[in-house]
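Peer 1: Here you go, one structure.
Just so it is clear, none of the values below were taken in a lab; they were calculated from the coordinates. If you're wondering where the values come from, they're calculated on a predicted model, not measured in any experiment. Methodologically, a virtual Cβ is constructed for each residue, glycine included, from the backbone with ideal geometry; neighbour enumeration extends over all protein chains shown.
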Amino acid sequence: MQHTENLPTTGSMPPPHVDLLRLEHITKQFPGVKALDDVSFDLRPSEVHVLLGENGAGKSTLMKVLAGVYPADSGRIVLNGQPVQIHSPRQARTHGISIIYQEFNLVPDLTVGQNIFLGREPRTAIGLVDRKALAAGARKFLDFLNADIDVGAKIHSLGVAQQQLVEVAKALSLESCILIMDEPTATLSEPEIQRLFETIRSLKQRGVSIIYISHRLQEIRQIGDRVTVLRDGRAVGTRPIAETSLDGLIQMMVGRSVSQRRIRTRNTAGPREVLRVDSLRRGRILKDISLVVREGEIVALAGLVGSGRTELARAIFGIDPVDSGTISLMGRTLANPSPAACIRSGMGFLPENRKEDGLAQILPVKDNIVQASLRKLFPWGLLDHGLERATARKYIQDLSMACPSVFRMTRFLSGGTQQKVVLAKWLCTESGFLIFDEPTRGIDVGAKEEIHRLMHTLAERGVGILMISSELPEVLSLSDRVYVMREGAITRELVTERTSQEEIIGFAAGGK
Amino acid sequence: MRIPALLGKVPGSIYAVLVLLLLFRVGSAQFLSVSNFLNVLQQSSILAIVSIGSFLAILSHGIDLSLGAIVTLAGMVSALLMVQGYDVVPACLIALAVSVAAGALNGLLIAYSRVDPFIVTLGAMGTCEGLALVLAHGATIPATNATFKVLGGGSLLFVPLSALIALASYGLFGFLLKGTALGTHVYALGGNEEAALLSGIQVRPLKILVYAVNGLLAGFAGLVLASRLGAANPSQGIGIEFDGIAAAVVGGTSLAGGRGKVWGTFMGAVIIAILRNGLNMAGLPMALQMVIVGLIMVGVLTLDTLRRK
């Protein structure tokens, strides 16, 4: 194999008026969700085509269909005018399609050169690895990218931006003519981002087309040629970037029909602060976070995936250590925050992945409900099974759970009912402050509304709630105030009644 | 380069060997004698060969608990065949074939059933040990053939043949791992299986190969052991798999896979052999030796984890 002769050149590309790639009427259904609904998308030679949309709009799913990770339920892929079947990532590569995920696919303990040519090592006449050819080949691709990286360096000794360049060099060595980049700037610093953009421009000049997934509105205007917006699994429209405005893009992302009924009919916030966070810092993940939640108040934490919302919640609940800052609960500063200490001081945490982190799936419902309250219910450490059952029954009734018996194994319950079990677990502790991380993700509409109502009732009883939600309608209908997070910092505090989806997403994506 | 910088480049295991030698020298005057040195070399050679297998399994993000049992089984099969009147060479070849088959079966199950290597090789450990017991009806089988005895007892210019074989094996595997694409692929398999798969590496056949090679190494070590002892008994390989894992880990192999050097494992095997020998000469009972080896392994792992933070 000739590894050093395959830099892409403009000569071999089809003329620019022909679509290089067309995805036609792609539909993809997952259990309970239509992830992609009749989506069409096209890519021209030497184009940077941005795929824009909120979390869960279907961007990643669409690209995984193209990269052979998921099969589409219907629709077809047309490459250079020919319909093609892509059933595996390897097939995608043979068609010249490479994808660079946010989590890189590099082997940390191999060198840069070994990673670039992994599985395709140049050989000497007697079948050994030709180290010179390998180093020279790797050097050539890295030089093309103007990357000053030692081909003999191990991957784990490189920074994120350098690793990303190695991934790009690897894609080049595979003769890729279509490069998909999934949120490539998510972990880069500003100068690194500008370097990446230079790289993307030189790739374009060489005839490589790039599908650029992002939800950072500013940067896509710097780098993109056209943009396709996805919303709720549907393609909303494709426009040349030069003809769009920030407001126009935001409108396309969130849609126009924002007439959501407000569940929270009145603000029940009292004067007492149940949670106070002062100048919380943790490396590059949490930057000087301060916030307050009062009794009877529902405060939403809005922001994009990766903005640090869950990390903040974990830090408040004492799961992850912080560098500096203080957390006070009910007016008392927590000296050594740990989940056990937080629960004792009256805090509860309903994690995002209730299946993995929130519930013991193979235990009966009753065990899960009393799990965080054992010390309170049974101060002598001896279980009173009658009290345990009675407690569980009370909550099953109070929350009208679809659960036939307290002995029912938790994993047999529906997602909505499971979330109610998690809720019951924290109601049972009689906590004064609760953190809800994505409280209704993956829950059907009916149960969703019930959960919302229960949260409202809790607030009426004086519980302070911090809610992380990626669903802006949920934020708008349920919260009293909103903190918007971006890149580990709180960028804005808004009063829910005086804001809009457009304003929130504007602050979250850095458009304004 | 200044002297301190040079000293920093020497692997920690070399210092460990020097410290151990000094300690045991204080404990027993015979410890640094030539005869004991040759003895240690011979003792460490069997462990050293098996440790390559432990190393390969851990490197590929697996583990192999069946190595000791395969050591036993190979020695038993060869001894039984020779008692039946087979020549030395066919008896040894059949024993090796059985060992490779056992290893390949491990690999097949690990690659295709998705059962954890720990469980698969734990099962194989029981099976092979049981098989050796059944074959010999629980008895010790003599292996006194003069040609066969050369393997474990012979020497070349006063250096035990088994030690030379062990060193040659390390040379071979050092070259295979560093100089060939195959070696790179084993590192890739352990370092990031997904990336290896997406790079077109045939991950499943590679896993089968790794465990089959482990079987071969353990089988070979089994022949050397039976030859040195002049007999095969159904429990003589027990526990070698744990010393092998200890050698790989002490030698700097990461249990997370993808990181480690085969010569580091060699140093690990030498350290453990010196420890065992030195503790023996100091008159420590077997049980106490196990306690000390266990503590050292945990200590090294703790240091390693702390240093990486």
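Peer 1: Treating the beta-carbon of each Lys and Arg as +1 and of each Asp and Glu as -1, no other charges, what is the dipole magnitude of region A:243-397 about its Cα centre, to the nearest 20 debye?
Peer 2: Dipole of region A:243-397, to the nearest 20 debye: 560 debye.
Peer 1: Looking at the square roots a ≥ b ≥ c of the eigenvalues of the Cα gyration tensor of region A:306-386, which shape do they give, rounded for a/c under 1.5, prolate if a/b is larger than b/c, or oblate?
Peer 2: oblate
Peer 1: Another question, if that's okay. Over region A:109-174, calculate the relative contact order: mean separation of alpha carbon pairs under 8 Å at least 6 apart, over the residue count, as a percent.
Peer 2: 43
Peer 1: A further question follows. Starting at the first residue of region A:148-162, write each ³J(HN,Hα) from the Karplus equation 6.51 cos²θ - 1.76 cosθ + 1.60 with θ = phi - 60°, in whole Hz, x for Gly and Pro.
Peer 2: 3J(HN,Hα) across region A:148-162, in whole Hz: 8, 10, 6, 5, x, 6, 6, 4, 5, 8, 9, x, 4, 5, 5.
Peer 1: Cβ under 13 Å from B:N39's Cβ, B:N39 left aside: what net charge do those residues give with Lys, Arg +1 and Asp, Glu -1?
Peer 2: Once all neighbours under 13 Å are counted, the net charge is +2.
Peer 1: 222 nm [θ] for chain A, helices only, -39500 (n - 2.57) per DSSP H run of 4+, per residue, to 500? Intermediate results must be reported in sequence, preceding the final value.
Peer 2: On the way: 17 runs with 163 residues, N = 512.
-9000 deg cm²/dmol, from helical runs alone.
Peer 1: Please find the FRET efficiency linking A:D38 to A:Q251, where r is the Cβ-Cβ separation and R0 is fixed at 30 Å, and quote it to the nearest 0.05.
Peer 2: Efficiency computed from Cβ-Cβ geometry: 0.90.
Peer 1: At a 10 Å Cβ-Cβ cut-off, how would you order B:T184, A:T61, fewest neighbours first?
Peer 2: On the way: B:T184 25, A:T61 22.
The order, fewest Cβ neighbours first, is A:T61, B:T184.
Peer 1: How high is the relative contact order of chain A, given as a whole-number percent (alpha carbon pairs under 8 Å, six or more residues apart)? If you can, show how the numbers build up before the last one.
Peer 2: Numbers: 988 pairs, mean separation 78.8, N = 512.
Relative contact order of chain A: 15 percent.
Peer 1: Provide the percentage of antiparallel DSSP beta bridges, counting only those with both residues in the protein assembly as shown; round to the nearest 5.
Peer 2: Bridges in the protein assembly as shown are about 55 percent antiparallel.
Peer 1: Per residue of A:118-126, what is the mean number of Cβ atoms on other protein chains within 10 angstrom of that residue's Cβ?
Peer 2: Mean number of neighbouring Cβ atoms from other chains: 4.
Peer 1: Could you pull the Rg and Dmax for the protein assembly as shown, using just the Cα atoms, both in Å?
Peer 2: Taking only Cα atoms of the protein assembly as shown, I get Rg and Dmax of 32.1, 96 Å.
Peer 1: When Lys and Arg each count +1 and Asp and Glu each count -1, what net charge do the other residues less than 11 Å away from A:G348, Cβ to Cβ, add up to?
Peer 2: 0
Peer 1: Taking a ≥ b ≥ c as the square roots of the Cα gyration tensor eigenvalues, with a/c under 1.5 meaning rounded and otherwise prolate when a/b beats b/c, else oblate, which class fits region A:109-174? Don't skip to the answer; put the middle values down first.
Peer 2: On the way: a/c = 2.04, a/b = 1.64, b/c = 1.24.
Taking the square roots of the gyration eigenvalues as a ≥ b ≥ c, region A:109-174 is prolate.
Peer 1: Please compute the net charge surrounding B:T147, taking Lys and Arg as +1 and Asp and Glu as -1 over other residues with Cβ under 15 Å from its Cβ.
Peer 2: Within the 15 Å Cβ shell, the charges total +1.
Peer 1: Which of A:E311, A:E297, A:E175 has the fewest other C-beta atoms within 10 Å, and how do the rest follow up to the most? Walk me through the numbers before you get to the answer.
Peer 2: Values: A:E311 20, A:E297 24, A:E175 15.
Placing the least packed residue first, the sequence is A:E175, A:E311, A:E297.
Peer 1: Rounded, prolate or oblate: which one fits region B:31-304, using the alpha carbon gyration tensor with axes a ≥ b ≥ c (rounded when a/c is under 1.5, else prolate when a/b beats b/c, else oblate)? Write down the numbers at each step before the final one.
Peer 2: Details: a/c = 1.61, a/b = 1.22, b/c = 1.33.
Because a/c hits 1.5 or more and a/b fails to exceed b/c, region B:31-304 counts as oblate.
Peer 1: Which angle from 0 to 90°, rounded to the nearest 10, does the C-alpha axis of helix A:385-398 make with the longest principal axis of chain A?
Peer 2: With rounding to tens, the tilt is 70 degrees.
Peer 1: Sorted from fewest to most neighbouring beta carbons within 10 Å, what does the list B:K149, A:K376 look like?
Peer 2: So the ranking, lowest neighbour count to highest, is A:K376, B:K149.
Peer 1: Next question, about the same structure. So how do A:457-467, A:325-335, A:487-497 stack up, highest first, on mean other-Cβ count within 10 Å?
Peer 2: Final packing ranking: A:457-467, A:487-497, A:325-335.
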